[in-house]
Every structure is written in structure tokens, then in C-alpha cells.
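The values are calculated or read from the model by the stated rules, or taken from the named source; none is laboratory data. Keep in mind the model is a prediction, meaning the values are calculated, not measured. So basically every Cβ, Gly included, is an ideal-geometry build from the backbone, and we count neighbours across all protein chains shown. Quick note on the areas: whole protein, heavy atoms, side chains included, nothing else; ligands and nucleic acids left out. Shrake-Rupley method; radii C 1.70, N 1.55, O 1.52, S 1.80 Å.
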Amino acid sequence: MAEAAAVVAESLAGYRARAARAVLEQVVLPGEELLLPGQEDGEGPGSAGERPLRLNAGARSGGRVVCGPGLRRCGDRLLVTKCGRLRHKEPGSGNGGGVYWVDSQQKRYVPVKGDHVIGIVTAKSGDIFKVDVGGSEPASLSYLSFEGATKRNRPNVQVGDLIYGQFVVANKDMEPEMVCIDSCGRANGMGVIGQDGLLFKVTLGLIRRLLAPDCEILQEVGKLYPLEIVFGMNGRIWVKAKTIQQTLILANILEACEHMTADQRKQIFSRLAES
Amino acid sequence: MAAERKTKLSKNLLRMKFMQRGLDSETKKQLEEEEKKIISEEHWYLDLPELKEKESFIIEEQSFLLCEDLLYGRMSFRGFNPEVEKLMLQMNAKNKAEEVEEETVELDVSDEEMARRYETLVGTIGKKFAKKRDRANYEEDENGDIKPVKTKKMFLKPQD
């Protein structure tokens, strides 16, 4: 908290754009301006209009920079729109400036194209289902966008069913649209999620932490007992185990992981393994 | 009066193809210029200041998928749902190495088996298309496979 306060003071007092390289893994605040590696030696933000774009001139950063969630491009300036830690990923191959994004804590989901989410069917109207995904507006889901569905062969989807699907249309001006097939027409695990199980909500940051390739939590959870989990990028988790008790334990662990240190977690898992 | 009328042909008439031959170069040029003017006047254009936007080297992307290499969202552990477990391997392996997957494409029928199968098929299909007279030429060998009997064609001397 003290760190954040210091940042506020500095950004208000100095009112200068900071170099993105210098604030990596540090807290950034909405409204702040960041300078990309090629722009660092430029003047202040005041003369942004006349300042030549140095990105293409500099040989060391001769590629395109991707600004991910939490950042916004404004002309050739890079502005922060979310509060959180600034992260950076080196480009995978060849040149380019890599990816910058802000790792923020939030509960409100905003649909993003390509995200896999868990939705609840709220209405069935003619050709489309209305699916609640936790966004500002329910998403629409065509009955034809299921694997093997045709005009004659409708999928068996009821109001209240859980859907694991993907966004194909998601922008601020239009109604989000989901599908349950990939570009080849295969389900690949998408569609109606089976009976029973338990659905609960966590923060969006926790979902990303759990889905990270080297996540210890999931590896430990997987050793406990047979279980199935579905993670939606909209902060919803669906779990199912052999018994209701096991399912509840699972849900509680995952929820608690939000505010647990690695040691506390290990203690709990060892206690569970004993029982 | 009469002479004046003779020299003054209308522009539209002069523009016609058969009139162009007799025209001198100066009037030709004049006509062309006028034509150009008419065409350019009829062209519409947007009365906007020129776009000064330079090519941007920052790309906006609102998805976390690109930033963090997230795993596939469906998981199953210790054999709870074998279908999902198989899918999990498949989807998560895709991120790591796509080339490896292509090499290990499972073959249902090996090439040798295919060749053996088609070997026997040659006779069977051949028999189907043979005429009734020739059908006797196809014989079944000890394996039950049908093979054409090779007979040498030769000239038969007609008997009288």
C-alpha cells in the first residue's frame, strides 16, 4: 500500500511519463503515460504531437509493440487504464518489442474475443440462447454453433444449463456472441457442462494464476482425489468430484487460495492428505 | 454569313471520331483540355485535410491469452473424466510443440497392408468388368483370390 501511495505522490508531483522499462513489475495507475524503449530519449509528453516516432528509427527496438489489457494506445502514446503491476513478455521470435500488459485485480468481467468462459443459459428465444457470462450484457449463442448441430438437429440445451464456450464477437459497441465450436467445427470440450458439480466465482486474477502453466496449486489439487474442473476466464469455476463433500472441500480450497501464502497452502494440503 | 457558318462547327460535332482526322493539332489540344476539365469537374472528392496519421507501432490487444500462456480451461485429474483428460493433453501440448504432433499421426492401415489388399482386388474388379466369355479366364487360386489367367493371344487359322 505504501508503495502505491508513493507512486501516486510521484506521478502527481512529477507529472512526467515514465519509461516502461523502468517500471516493469511495479504498480502503475490509470492515466499514467508510459514511454516505450524507443521513446525514452524523447522529450516530455507535452510535445507529443511533434515528437517523431522513434520506434522505427531505433534499431534495437525495430518491431511492433503489443499493448495488452490495462493499456491503451492514444496516437503514439501509451496510456495506463487499469491499476496493477506492469508486466512484460519478450517477443517469442525475431524482432518486435514484445508484449506489455497490466496484471490487475478485478472481479468485473469484460468480454474479450477469444476468451473461454462459463455461461449460464438464461433464455431461449427462437434461434438463439441468451447466456449470462457476468459481463454488462448477456451474450448470444446460436443453436447452430454446437458440434453436430443442424437446422433439424437442435442441441439439447435448457434454461439454467452451464455452457463452456468461446467469444467470437466481443467489443464495446456490440452484443457479445459466443460459440461452442472451434474454427474446424469441433467442440474441443466446449458445449454444455455435465450434470451436478458446483459453480462458484473468484476474481479474474486468481483464474489467470490457476491457469498459468507452472501453477503449483493445481498440481497439488490434482493429487488429492479424482476430480474435474472447468475454468472460465470470466472468473467462474465449476468443480465436480465423486462426493458432495469432496466437491465442497475443493471449492473452499480454490477460493481460499486467493489470499494464502505457499506455506499455508502446503499445510492445508498435507492436512487433507492425512484425512 | 454563309462563310461564317461554315467555319463554326459545334464542339460536339468536332469531338466526333470522323471529324478528328481533318482537325489541326491546336484545336485538337484545345478540345482535349476542355474534355479533361469536364471530367475532373465531375469528380467528387472529400473536402478534408490530408491525413497526417503515421503508421503506429503499437498494437492494442485486450486478451490475456496473448500475454500469458494460459492452459486450457477444462481439466480432469486421476481419471475422473478420461475424455477431458485426453483433451487436456491434446490442447496443452499444442502450445508447446506443434511439430511433434504432426509426426506421430497414427496410421489405421499400414502401407504394406494396403498394397496386399489391393493386389487381390485387381482380379476381383477385373472379373466384374470382363465379358462373360472372358470370365472363365479368371481362376480362383488356393487362397480364394481371383486372378486372371494369362493366355497367349495368337492367330487362329480359320477352318474351312
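Applying the criterion of at least 2 residues that are more than 14 Å from chain B (Cβ to nearest Cβ) to the strands (runs of 3 or more DSSP E) found wholly in segment A:100-177 leaves A:116-125, A:128-132, A:139-142.
Check whether at least one residue in segment A:264-274 is within 14 Å of another protein chain (Cβ to nearest Cβ), among the hydrophobic types (A, V, I, L, M, F, W, C) and under 25 Å from A:Gly134 (Cβ atoms), and report yes or no. No, segment A:264-274 contains no residue that is within 14 Å of another protein chain (Cβ to nearest Cβ), among the hydrophobic types (A, V, I, L, M, F, W, C) and under 25 Å from A:Gly134 (Cβ atoms).
Identify, please: which residue in segment A:195-214 is within 8 Å of chain B (Cβ to nearest Cβ) and in a loop (DSSP other than H, G, I, E, B) and is, among those, surrounded by the fewest Cβ atoms within 10 Å (Cβ to Cβ)? Filtering first and then ranking leaves A:Pro213.
Look at A:Pro52 and say whether it is modelled with pLDDT of 65 or more and in a loop (DSSP other than H, G, I, E, B). In short, no. In segment B:71-89, the qualifying residues are those that are assigned to a helix (DSSP H, G or I) and open to solvent by 80 Å² or more (accessible area, probe 1.4 Å), and the one that is nearest to the other protein chains (Cβ to nearest Cβ) is B:Glu83.
Across segment A:180-191, the number of residues qualifying as surrounded by 14 or more Cβ atoms within 10 Å (Cβ to Cβ) and either at pLDDT 95 or above or in a loop (DSSP other than H, G, I, E, B) (or both) comes to 6. In segment A:198-219, the residues that are touching a residue at least 24 places away in the same chain (Cβ under 8 Å) form Cβ pairs under 7 Å with partners that are assigned to a helix (DSSP H, G or I) and open to solvent by 60 Å² or more (accessible area, probe 1.4 Å), at six or more places apart or across chains, as follows: A:Phe200/A:Glu255; A:Val202/A:Glu255. Just to be sure before I move on: is B:Leu23 of a type outside the set (D, E, K, R), in contact with a helix residue (DSSP H, G or I) (Cβ under 7 Å, 6 or more places away or on another chain) and at pLDDT below 80 in the structure I sent? When the stated conditions are applied, B:Leu23 passes them.
Here B:Ser40 does not fit the description of being in a loop (DSSP other than H, G, I, E, B), among the small types (Gly, Ala, Ser) and at pLDDT below 85.
The single condition among (1) at pLDDT 80 or above; (2) among the polar types (S, T, N, Q); (3) part of a helix (DSSP H, G or I) that B:Gln62 does not meet is (3). Look at (1) over 21 Å from the mean Cα position of the chain (by Cα); (2) part of a helix (DSSP H, G or I); (3) more than 10 Å from chain B (Cβ to nearest Cβ) and you find that A:Val221 fails only one, number (3). Picking from residues in segment A:260-275 that are without any contact (Cβ under 8 Å) to a residue 40 or more places away in the chain, under 13 Å from A:Ile249 (Cβ atoms) and part of a helix (DSSP H, G or I), the one that is most open to solvent (accessible area, probe 1.4 Å) is A:Arg271. State yes or no: is A:Val230 more than 10 Å from chain B (Cβ to nearest Cβ), out of contact with any Cys (no Cβ under 9 Å at 6 or more places or on another chain) and either surrounded by 14 or more Cβ atoms within 10 Å (Cβ to Cβ) or closer than 23 Å to B:Arg78 by Cβ (or both)? Spelling it out, it is not the case that A:Val230 is more than 10 Å from chain B (Cβ to nearest Cβ), out of contact with any Cys (no Cβ under 9 Å at 6 or more places or on another chain) and either surrounded by 14 or more Cβ atoms within 10 Å (Cβ to Cβ) or closer than 23 Å to B:Arg78 by Cβ (or both). Residues in segment A:143-164 that are of a type in the set (S, T, N, Q) and either in contact (Cβ under 8 Å) with a residue 40 or more places away in the chain or surrounded by fewer than 19 Cβ atoms within 10 Å (Cβ to Cβ) (or both): A:Thr150, A:Asn153, A:Asn156, A:Gln158.
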